[in-house]
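Shown next, in structure tokens, is the structure this report addresses.
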């Protein structure tokens, strides 16, 4: 039997649902619920300009920037 053949071991797709992945999915869902529950208009000042926008857009943009920074840091660590 080849080491790459996992169909007879009984694992199959069970390895796709690790506790870490389940926690990440649950955290992502909670983050999205939090973001879309906060829909009021806010004023945001970034250095000099002040903009008015819905809070959920500001939270979503911050979450996306944080995910990009986290991915970049993890990718650099793997090298």
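Just a few scattered comments:
- When region 16-78 is reduced to its Cα atoms, the Kirkwood hydrodynamic radius in Å: 13.7
- Estimated inter-spin distance, residue 65 and residue 38, nm [label 7 Å along Cα→Cβ]: 1.4
- Residue order, fewest to most surrounding Cβ atoms within 10 angstrom, among 42, 51: 51, 42
Coordinate-derived values only; no laboratory data. For clarity, every value in this text was computed on a predicted model and none was experimentally measured. FYI the Cβ positions are ideal-geometry reconstructions off the backbone, even for glycines, and counts take in every protein chain you see.
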